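To keep things clear, I will list the structure first and then write my remarks on it.
The values are calculated or read from the model by the stated rules, or taken from the named source; none is laboratory data. Note that the structure is a prediction, hence the values are computed from the model and not measured. Please note: Cβ atoms are built from the backbone with ideal geometry, for glycine as well, and neighbour counts cover all protein chains shown.
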Amino acid sequence: MKILLGINVLTMIDSQVYGNHLAWMYHLGRLKEQKGIDIILYTPWRCSIDRMRNNAAKMALEYGCDYLMFVDDDMILQTDTLECLLDADKDIVMAHTYIRGYPFHPMAFKNKSEIPNDIQLAHFDDLMEFKNDEGLVDCSAIGFATVLIKTDILRKLEPPYFVTTPNSTEDVYFCLRAKIEIGPEVSVAVDTRCPTGHAMDKEFVHEKTVHAHKAYYEALFPQKPEDNERGDRGDNYHKLIERL
């Protein structure tokens with residue numbers, strides 16, 4: 001099996017994302033030994049997202065790849081993300097991702113129109129209520145922050161495959177075009193078994209936000225502050241004095 005992995009790196013990458021991707025790449029390297037999966041890495045320098053995706057698609061076809069995978073440079077992944085997406089066996093499947101801005105919709109869309117051959121997309125906010133026993137949710141369109149695409153789909157379409165329009169992003173455009181030009185049998189899904197972390201912009205703690213920040217971190221790390229080995233600066237100073 002051969003997969004072209006495209007990561008659109010802009011000018012810099014978050015340190016946590018960098019570390020996560022290094023660990024994931026090590027895991028991908030071991031997959032070649034364990035399962036015979038070859039990864040071709042494509043990381044162009046600072047170009048528009050649709051241009052990058054089209055170049056990656058062209059390379060995937062030229063190299064005879066079975067899959068085209070995209071991972072954005074602000075995503076934190078589970079180690080088994082690729083295995084989950086392969087196991088899903090969908091034409092287009094995304095690791096469960098939230099848009100990195102309020103109100104944090106899932107990066108997935110459903111058709112709210114009941115008229116045949118009519119498409120009116122809406123955010124799939126109740127996504128988790130529709131997952132099947134395998135943790136998959138069928139969608140009308142998805143984002144491509146972390147996505148796996150069968151190259152057979154590309155072979156049935158004419159380039160450019162990805163186009164950013166005034167009314168649509170390049171990923172939604174691709175999903176809708178595939179379903180319209182190839183047919184509704186094209187499977188588009190979200191895999192909830194491999195949720196991602198989507199890095200956000202820097203935030204500021206303020207008198208009006210401190211309580212919300214505390215609630216967030218207490219839910220994410222449910223230990224008590226005194227159980228935290230790092231603690232804050234004051235805790236560290238007290239521990240240093242005790243050791244002296």
Q: Among the residues of the stretch 181-192, write down those that are farther than 25 Å from Thr81 by Cβ and in contact (Cβ under 8 Å) with a residue 24 or more places away in the chain.
A: Glu181, Ile182
Q. Tally time: how many residues in the stretch 110-143 are in contact (Cβ under 8 Å) with a residue 40 or more places away in the chain and either part of a strand (DSSP E or B) or acidic (Asp, Glu) (or both)?
A. 7
Q: Determine the pairs where a residue that is within 14 Å of Tyr161 (Cα to Cα), located within the stretch 58-69, has a partner that is among the basic types (Lys, Arg) and exposed (fewer than 15 other Cβ atoms within 10 Å of the Cβ) with Cβ atoms under 9 Å apart, the partner being 6 or more residues away or on another chain.
A: Leu61/Arg155
Q: Any chance you could count how many residues in the stretch 144-179 are touching a residue at least 24 places away in the same chain (Cβ under 8 Å), more than 22 Å from Ile39 (Cβ to Cβ) and not acidic (Asp, Glu)?
A: 12
**Q.** Tally of residues being over 17 Å from the mean Cα position of the chain (by Cα) and assigned to a loop (DSSP other than H, G, I, E, B) across the stretch 1-27
**A.** 3
(Q) surrounded by 14 or more Cβ atoms within 10 Å (Cβ to Cβ) and either at pLDDT 75 or above or part of a helix (DSSP H, G or I) (or both): is that true of Lys179 in this structure? (A) yes
Q) Which condition breaks for Gly101 when tested against (1) touching a strand residue (DSSP E or B) at 6+ places or on another chain (Cβ under 8 Å); (2) under 22 Å from Thr164 (Cα atoms)? A) (1)
**Q.** Residue identified as touching a Leu at 6+ places or on another chain (Cβ under 9 Å) and either among the hydrophobic types (A, V, I, L, M, F, W, C) or in the same structural domain as Ala88 (by TED's automatic domain parsing) (or both) among Phe109, Phe130
**A.** Phe109
**Q.** Answer from Val190, Val172 - the residue that is surrounded by 20 or more Cβ atoms within 10 Å (Cβ to Cβ), out of contact with any Phe, Trp or Tyr (no Cβ under 6 Å at 6 or more places or on another chain) and assigned to a strand (DSSP E or B)
**A.** Val190
Q. Which one of these is of a type in the set (S, T, N, Q), at pLDDT below 95 and within 19 Å of Gly143 (Cα to Cα): Asn55, Asn8?
A. Asn8
(Q) Against the condition assigned to a loop (DSSP other than H, G, I, E, B), surrounded by 20 or more Cβ atoms within 10 Å (Cβ to Cβ) and in contact with a Lys or Arg (Cβ under 6 Å, 6 or more places away or on another chain), how does Phe162 come out, does it pass? (A) yes
Q.
Please determine whether any residue of the stretch 83-99 is surrounded by 13 or more Cβ atoms within 10 Å (Cβ to Cβ) and at pLDDT below 95.
A. no
Q: May I ask you to list pairs of residues, at least six apart or on different chains, whose Cβ atoms are under 8 Å apart, with the first in the stretch 37-55 being β-branched (Val, Ile, Thr) and the second being surrounded by fewer than 17 Cβ atoms within 10 Å (Cβ to Cβ) and outside any loop (DSSP other than H, G, I, E, B)?
A: Ile37/Lys2; Ile39/Gly29; Ile39/Lys32; Ile40/Lys2; Ile40/Met59; Thr43/Val9
Q: Can you tell me which residue within the stretch 141-152, out of those that are in contact with a helix residue (DSSP H, G or I) (Cβ under 7 Å, 6 or more places away or on another chain) and more than 18 Å from Asp73 (Cα to Cα), is surrounded by the fewest Cβ atoms within 10 Å (Cβ to Cβ)?
A: Thr151
Q | Residue satisfying all of: in the stretch 29-64; among the hydroxyl-bearing types (Ser, Thr, Tyr) and touching a Leu at 6+ places or on another chain (Cβ under 7 Å); surrounded by the fewest Cβ atoms within 10 Å (Cβ to Cβ) among these | A | Tyr63
Q) For the stretch 153-195, what are the residues that are farther than 15 Å from Asn54 by Cα and among the acidic types (Asp, Glu)? A) Glu181, Glu185, Asp191
